[in-house]
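Data block below; observations after.
The values are calculated or read from the model by the stated rules, or taken from the named source; none is laboratory data. Note that this is a predicted model, so its numbers are computed, not measured. Reconstructed Cβ throughout: ideal geometry from the backbone, glycine too, with neighbour counts over all protein chains shown. Heads up: the accessible areas ignore ligands, DNA and RNA and are worked out on the full protein's heavy atoms, side chains in. Shrake-Rupley method; radii C 1.70, N 1.55, O 1.52, S 1.80 Å.
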Amino acid sequence: MIARIRSALLSINASYWFYPALFSAIAFFLSFFTIYLDRNGAADWFTTYQWLHVSRPNGARTTLTVIAGSMIGVASTVFSITIAAVAYASGNYGPRLLTNFMEDKGNQLSLATFIGTFVYALMIIRVVRDEDERAASAIDASASVLPGFTPQFSLLVAMVLAIFAVAVLVYFLHHIPASIRINTVLKDIGKRLIRDIKDRYPSEIEEREPREQAQGEPIIATGKGYIDIIDFDTLDEVAREHEATIAIKVRTGDFIHPNVTIVELSGIEADDKISAKIADCFSVSGMRTATQDLEYLIDELVEIALRALSPGINDPFTAITAMHWMGAALAELGSRDLDRGPEQEDYDWDRVQPLSDDFSHYVERSFGAMRSGVATNRMAAIKFIHALFAASTSCRSERRLRLISEEAETMVRQARYHLVGPSMEELEASLVEFNKVMDNSSNALLA
């Protein structure tokens with residue numbers, strides 16, 4: 001249940017309806033509060049300052065009408081621009097990046113500001129009355145004066161919100177083109193990937209081989225889709241309550257369907273109740289997310305690099321930038337103990353055993369995945385080697401250095417099918433220099 005709640009919160013975080021709905025609700029109740037203040041003399045001090053120029057009913061109504069009409073018009077334009085930007089980005093950089101733009105708080109809050117201001121102005125305009133209007137209720141009819149009413153304080157608040165909305169519009173017009181620049185997109189993905197690596201693997205110690213999982217009775221999946229959240233805390237409670245060991249056989253981001261084994265349970269015999277509780281800890285949806293899935297962010301960088309190197313686009317500079325961020329992420333992985341699962345502070349590994357990934361898995365998933373595209377371009381192939389070298393500088397393991405060297409040599413072997421002449425000679429010269437430096441680093445570690 002907790003996994004499903006977290007998954008629902010992720011869906012809300014990537015929606016364009018939540019903040020507009022929230023701001024509309026706030027504006028709705030704020031209008032009642034400011035009208036109440038107006039009816040109880042909160043705006044009487046306006047008359048003591050002639051430069052404030054107290055509004056009349058017609059002027060207030062016209063002002064609020066202009067604010068409401070302009071805000072809903074701007075909101076429609078903002079939404080259209082956002083959708084056009086999202087369509088452009090997903091078409092050029094890959095549909096996988098659609099979630100990144102949907103989660104952009106700048107876009108969500110900008111739209112919410114205009115919608116909220118519209119709702120507030122609409123709620124205030126309904127109470128503005130001319131002095132000669134017919135009474136709207138029995139209370140007004142029994143009053144000693146005609147029910148003319150101009151909410152001065154509420155009108156002032158509406159004008160402040162409109163001015164603030166203009167500032168938000170200026171911000172939005174700058175934010176949209178800045179957010180779809182490819183360097184900005186790669187920077188955001190790369191920084192998030194490095195941050196998630198540090199959070200998941202906080203220990204900077206020598207390399208350890210992944211521990212072997214316990215064998216037990218298989219429990220199969222009940223749903224279909226990609227695993228986006230695994231509730232490790234509840235799994236740990238189940239294992240502790242029954243003195244059992246739960247070995248997880250899938251990763252976040254894997255596609256599952258009925259008859260796919262998700263865990264193996266040892267120590268007790270699984271009944272329907274325990275199996276259902278364990279299966280409920282795996283939230284599935286129609287798409288992957290980066291919440292517990294490092295490979296999702298790696299795949300985004302790989303997808304951008306491969307698209308950039310495709311014959312239809314032929315943009316090696318974008319691919320090189322993606323490799324730079326990938327190299328920085330691999331450098332972080334190279335200096336850390338990878339024998340750890342997601343959110344491990346919430347559970348004991350001896351009770352809940354996730355699938356562990358060693359350094360070779362990340363090398364193959366990152367640089368290995370983009371190798372085929374890089375090998376077709378001289379500039380990208382040379383920068384591929386440079387990025388691997390930069391990643392190797394943080395490694396304190398001879399095995400990890402060897403994996404990086406093997407990846408560089410594999411790429412050069414593949415490049416021989418695409419590059420010839422001086423281009424290939426230059427690439428092989430870069431590999432020779434790279435191997436010399438790597439040999440020196442390996443010898444220093446062995447000494």
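For the chain, calculate the relative contact order in percent as a whole number, restricting contacts to Cα pairs under 8 Å that are 6 or more residues apart.
Averaging sequence separation for qualifying contacts and normalising by length gives 15 percent for the chain.
Calculate the spin-label point distance for ASP439 paired with GLU269, positioning each point 7 Å from the Cα along the beta-carbon direction, and give it in nanometres.
6.3
Please give the net charge around ARG371, taking every other residue with its beta carbon less than 12 angstrom from that of ARG371, where Lys and Arg add +1 and Asp and Glu add -1.
Local net charge: -2.
Sorted by mean Cβ packing within 10 Å, highest first, what order do the peptides 328-335, 85-92 take?
Per-residue mean Cβ counts within 10 Å order the peptides as 328-335, 85-92.
Determine how many Å³ per residue the convex hull of the Cα atoms of the chain encloses.
217
Work out how much length HIS257 to GLU243 would gain on full extension: take 0.36 nm times their residue separation and subtract the Cα-Cα distance, in nm to one decimal.
2.2 nm
Compute the semi-axes of the equivalent ellipsoid of the stretch 224-275, taking the square root of 5 times each eigenvalue of the Cα gyration tensor, and list them largest first in whole Å.
Gyration-tensor ellipsoid for the stretch 224-275: 20, 13, 9 Å.
Ratio of alpha-carbon Rg to the 2.2 N^0.38 Å globular estimate for the stretch 301-447, to two decimals, please.
Dividing the Cα radius of gyration by 2.2 N^0.38 Å gives 1.14.
Can you give the accessible area of ASP188 in Å² (nearest 10), computed on protein heavy atoms with a 1.4 Å probe?
It works out to around 90 Å².
Can you tell me the accessible area per residue over the chain, all protein chains present, probe 1.4 angstrom, in square angstrom?
49
Could you tally the net charge around LEU64, taking each other residue with its Cβ under 15 Å from the Cβ of LEU64, Lys/Arg +1 and Asp/Glu -1?
With Lys, Arg at +1 and Asp, Glu at -1, the neighbours total +2.
Work out the charge dipole of the chain with +1 on the Cβ of Lys and Arg and -1 on the Cβ of Asp and Glu about the Cα centre, then indicate which of ALA8, PHE149, ASN92 is farthest towards its positive end.
PHE149
Gain in length, GLU212 to THR393, computed as 0.36 nm per residue apart minus the alpha-carbon separation, to one decimal in nm?
Value of the extension gain: 62.2 nm.
Computing the accessible area with a 1.4 Å probe over protein heavy atoms, can you report the carbon and sulfur percentage for the chain?
Here carbon and sulfur together make up 58 percent of the probe-accessible area.
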